[in-house]
Amino acid sequence: MTDSERRERAAEVREFLGTRRARITPQQAGLPVFGANRRVTGLRREEVALLAGMSIDYYIRLERGNLSGASDSVLDSLSYALQLDDAERAYLYDLARAVSASQRRPPAATGRVRPMVLRMLDAMTDLPAYLRNGRFDIVAANSLGRALYAPVYDSPLFAQRGPVNVARFLFLDPGSADFWPRWEKAADDSVAFLRTETGRWPHDKGLTDLIGELSTRSDEFARRWARHDVKFNRSGVKHLRHPLVGDLVLPYEALDLPADPGLRITVYSPEAGSPERQALDLLASWTSTTALEH
């Protein structure tokens, strides 16, 4: 690790722990409050150290970015003291791992998708599905997935450059607010997902370049990036507004591919007989008709 990378890792640890500490009040942590002249709204460093069962000097060392040599029990105690959720705890472990000797390099980007994966996507004829990497590049999609994300594919952003990237569309295309009626939540989630990816793959230059681009070109992205929020992207519900079939509330599952580290399939699966199911059937019919005409 170069000196520059070491400084970047230390700064990330410092800011992450600092923002987590600042959000917890003594009352939330079950600590007594003496006096009315607290200079911080969140926990003091000595209070975190007390809750984590470590010395104040050791905690200060950790918050300054020196996680090297921190044991699992130390990280667990710190997670408990800062009330970290599962995604935040995993991110803390990733930060600690990034400064150790066993650094994970990102998978090589070949640009190819295994034929088996493409067959899986195409076999889901009645469910929209797409394959993306940790940078939110859509590297493959079935016909219904492409139709569902038509506003993203049709964005002028990708007319001269590829691949289609959901994060770029979200923050750099004004039309994204039409596609995501709950744009604020979509923006919050996407930045938290990207922050989580930087913990998993801290040496992914493509990911770093994307974050630098969005931070420079989008104040909305930069403001959210400064929060240091992290979140797992495993399942949930997305609210979309499609230009042909209108508003959709779609449950989804995001599935990692163990044989292809860094790649993930997202599948939307509404309940049978629901308005969303009917809308997707209409969209599939329209897609088939358009394909026959061409």
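The values are calculated or read from the model by the stated rules, or taken from the named source; none is laboratory data. What you are looking at is a predicted structure, and each value in this text was computed from that prediction instead of being measured. A quick note on method: Cβ atoms are made from the backbone with ideal geometry, for glycine too, and the neighbour counts reach across all protein chains shown.
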Residue ID - modelled with the lowest pLDDT, chosen from residues in segment 97-124 that are in a helix (DSSP H, G or I) and surrounded by 19 or more Cβ atoms within 10 Å (Cβ to Cβ): Ala98
In segment 23-46, residue modelled with the lowest pLDDT [restricted to those that are touching a Pro at 6+ places or on another chain (Cβ under 9 Å) and surrounded by fewer than 17 Cβ atoms within 10 Å (Cβ to Cβ)]: Arg38
Any hit, segment 125-132, residues being surrounded by fewer than 15 Cβ atoms within 10 Å (Cβ to Cβ), out of contact with any Gly (no Cβ under 7 Å at 6 or more places or on another chain) and more than 28 Å from Glu5 (Cα to Cα): yes
Counted residues, segment 34-75 - those being outside any helix (DSSP H, G or I), of a type in the set (A, V, I, L, M) and in contact (Cβ under 8 Å) with a residue 40 or more places away in the chain: 1
Yes/no for Arg234 being basic (Lys, Arg) and touching a strand residue (DSSP E or B) at 6+ places or on another chain (Cβ under 6 Å): yes
Test: Arg89 is assigned to a helix (DSSP H, G or I), at pLDDT 95 or above and surrounded by fewer than 19 Cβ atoms within 10 Å (Cβ to Cβ): yes
Some residue of segment 47-66 being at pLDDT 90 or above, more than 15 Å from Ala98 (Cα to Cα), surrounded by 15 or more Cβ atoms within 10 Å (Cβ to Cβ) and touching an Asp or Glu at 6+ places or on another chain (Cβ under 7 Å): no
Only listed residue being assigned by TED's automatic domain parsing to the domain that holds Arg195, touching a residue at least 40 places away in the same chain (Cβ under 8 Å) and loosely packed, with under 15 Cβ neighbours inside 10 Å, chosen from Asp260, Asp281, Asp256: Asp281
Search result, residues across segment 199-233 that are of a type in the set (Val, Ile, Thr) and in contact (Cβ under 8 Å) with a residue 24 or more places away in the chain: Val230
Residue in segment 19-33 that is farthest from Arg89 (Cα to Cα), counting only those that are touching a residue at least 40 places away in the same chain (Cβ under 8 Å) and out of contact with any helix residue (DSSP H, G or I) (no Cβ under 8 Å at 6 or more places or on another chain): Gln28
